[in-house]
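Report on the structure given below.
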Amino acid sequence: QVQLVASGGGLVQAGGSLRLSCAASGTIFSINAMGWYRQAPGKQRELVATITSNGWTNYADSVKGRFTISRDNAKITVYLQMNSLKPEDTAVYYCYLDTTGSTSWGKGTLVTVSS
């Protein structure tokens, strides 16, 4: 059983920054990737950023140059540094952990960007 606990969401003005964290615990083998999705009201969940076990990263076009994903392997924690935030970044952000054969999800943390 894998648990993911996300934190760091909140209310910020446009142009501001937030840092999300997601810590994993439990029985975890062979992590393939960790990352973040987000879901805005009335929209489908979309991939924001991912980082693989060997450090390869991928970002949604809408966040490239503004968001940075990183991870601490010893702590099994993934981070999302979000800079130059825009109102359209407002969403619930969900972290995930992908291992061989399964994907686990955190409960989500709300990010609200005011204009």
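The values are calculated or read from the model by the stated rules, or taken from the named source; none is laboratory data. Here the structure is a predicted model, which means the values were calculated and not measured. Cβ sites come from the backbone with ideal geometry, for glycine too, and all protein chains shown count toward neighbours. We work out accessible area using only protein heavy atoms, side chains counted, and drop any ligands, DNA or RNA first. Shrake-Rupley method; radii C 1.70, N 1.55, O 1.52, S 1.80 Å.
Per the conditions (1) under 12 Å from the mean Cα position of the chain (by Cα); (2) open to solvent by less than 60 Å² (accessible area, probe 1.4 Å), the sole criterion not satisfied by Ser25 is (1).
Thr57 fulfils the conditions (1) among the polar types (S, T, N, Q); (2) farther than 21 Å from Lys107 by Cα; (3) touching a Phe, Trp or Tyr at 6+ places or on another chain (Cβ under 9 Å) except for a single criterion, (3). Of all the listed residues (Ala33, Ala40), the sole one being closer than 21 Å to Gly16 by Cβ and either free of Cβ contacts under 8 Å to residues at least 24 places away in the same chain or among the hydrophobic types (A, V, I, L, M, F, W, C) (or both) is Ala40.
Beta carbons closer than 8 Å, at least 6 apart along the sequence or on distinct chains, pair a first residue in segment 70-84 that is farther than 12 Å from Ala23 by Cβ and open to solvent by 10 Å² or more (accessible area, probe 1.4 Å) with a second that is among the β-branched types (Val, Ile, Thr) and assigned to a strand (DSSP E or B) for Ser70/Ile51; Ser70/Val78; Gln81/Thr68; Gln81/Ile69; Asn83/Thr68.
For segment 39-65, filtered to residues that are in contact with a Ser or Thr (Cβ under 9 Å, 6 or more places away or on another chain) and open to solvent by less than 30 Å² (accessible area, probe 1.4 Å), the residue that is farthest from Leu4 (Cα to Cα) is Ala40. Of all the residues in segment 80-102, those that are under 14 Å from the mean Cα position of the chain (by Cα) and assigned to a strand (DSSP E or B) number 11.
The set of residues in segment 84-106 being at pLDDT 95 or above and farther than 17 Å from Ile51 by Cβ consists of Ser84, Leu85, Lys86, Pro87, Glu88, Asp89, Thr90, Ala91, Val92. Taken over segment 92-115, residues that are surrounded by 17 or more Cβ atoms within 10 Å (Cβ to Cβ) and either polar (S, T, N, Q) or without any contact (Cβ under 8 Å) to a residue 12 or more places away in the chain (or both) amount to 3. Considering segment 1-22, and only residues there that are aliphatic (A, V, I, L, M) and open to solvent by less than 60 Å² (accessible area, probe 1.4 Å), the residue that is modelled with the lowest pLDDT turns out to be Val2. A search for C-beta distances below 7 Å between a residue of segment 1-17 that is at positive phi and in contact (Cβ under 8 Å) with a residue 40 or more places away in the chain and any residue that is open to solvent by 60 Å² or more (accessible area, probe 1.4 Å) and not polar (S, T, N, Q), counting only pairs 6+ apart in sequence or on different chains, returns Gly8/Arg19.
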